[in-house]
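Reviewing the structure listed below.
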Amino acid sequence: MREAAVGHQCVECVHQGSRTVRQARTTFGGKVTNRVFVTWTLLAVNVFAYVLEAANTVRVLNEFMMSAGHVAVGQWWRLITGAFLHSPPPSFWHILFNMWALYVIGPELERRLGSVRFAALYMISALGGSVAIYLFGTTAVGASGAIFGLFAALFVVGRKLGYDIRGVAVLIGINVVITFIVPGISWQGHLGGLVTGALVAAIFAYAPAKNRNVIQFAATFAVFIVLVLLVVVLPPFAYSALFG
């Protein structure tokens, strides 16, 4: 027996009653959550990948970093694995900045969107950054494409909710400027993630309430398919120009 508001209920009665309770939803249709397990999982995976990279830098980078030339010959996993690697030791600023940004922005977005939508936003933004590198760059590592996608999503979500988004706009502007003035930064990955994140966030934020879930996930899947087709159909332009 289990305690209830009045008297006690059997376990089966409690379970049956739970099935009829409507799940709380966020403004954008996701399940309400206070445990941001996707954010913490992504943090853990990035840190774990960095530990592996530090232990065997040459092998990990050679096999898993984002490389337009290697993707062109079929090593598609690099489109994702490259987004979980960072500048190897003794350089630590790269992973520290990205993980700090994920720690600060991730929980807010995960609570607003729900865990499933937040995971989709992060991964597709990472893919968008890698596709931009494939088309217009050569090699790169880092979660920056995904992080820039989160920046863009924070802007879109804040605008939809009527918040003051000037601070977010300034943050994005500063990071875009840094992208172009600091040597060694992949502008392709940053801008690719920024544009993709803004698009996915807009799908989540502005989908009509009627059939919202279907529209959101169908449109998000369409973005994923378009990114894949860009790699299938188009050559790596910058890589081809440099190496033929």
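Key figures for this structure:
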| read-out | value |
| --- | --- |
| Max mean-square fluctuation residue, GNM over the chain, Cα-Cα springs under 10 Å, options P88, P208, P107 | P208 |
| Value of D in µm² per second that Stokes-Einstein yields for the chain, Kirkwood Rh from Cα pairs, at 20 °C (1.002 mPa s) | 111 µm²/s |
| Extension gain, I174 back to T57 (0.36 nm per residue minus Cα-Cα distance, nm) | 39.0 nm |
| Candidates A120, A24, A132: whichever shows maximal mean-square fluctuation once the chain is modelled as a Gaussian network with Cα springs under 10 Å | A24 |
| Distance between modelled label sites at V47 and L230, nm, 7 Å Cα→Cβ extension | 3.2 nm |
| Low-density loop positions, chymotrypsin sites (Phe, Trp or Tyr not before Pro), the range 112-204 - DSSP coil, at most 15 other Cβ in 10 Å | Y163 |
| 18 Å reach of a label modelled at W187, 7 Å along Cα-to-Cβ, counting backbone N of the range 133-158 | 133-141, 144-145, 148-149 |
| 5 angstrom amide H check on R25, placed H, neighbours 5+ away | V32 |
| Residues whose placed amide H lies under 5 Å from that of M66, excluding near-sequence neighbours | G82, A140 |
| With at most 15 neighbouring Cβ atoms within 10 Å, loop trypsin sites (Lys or Arg not before Pro) (DSSP) excluded, longest segment of the chain | 36-209 |
| Rounded tilt (10° steps) of 212-233 against the dominant C-alpha axis of the chain | 20 degrees |
| CD proxy at 222 nm, helix term only [per DSSP H run n ≥ 4: -39500 (n - 2.57); per residue of the chain; nearest 500] | -22500 deg cm²/dmol |
| In degrees, nearest ten, helix 115-136 long axis to first principal axis of the chain (Cα) | 10 degrees |
| Cα long-axis angle, helix 187-206 against the chain (0 to 90 degrees, to the nearest 10) | 20 degrees |
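Each value in this text was obtained by applying a stated rule to the coordinates, not by laboratory testing. Here the structure is a predicted model, which is why all the values come from computation and not from measurement. Every residue, glycine as well, gets a Cβ built from its backbone with ideal geometry; the counts of neighbours run over all protein chains shown.
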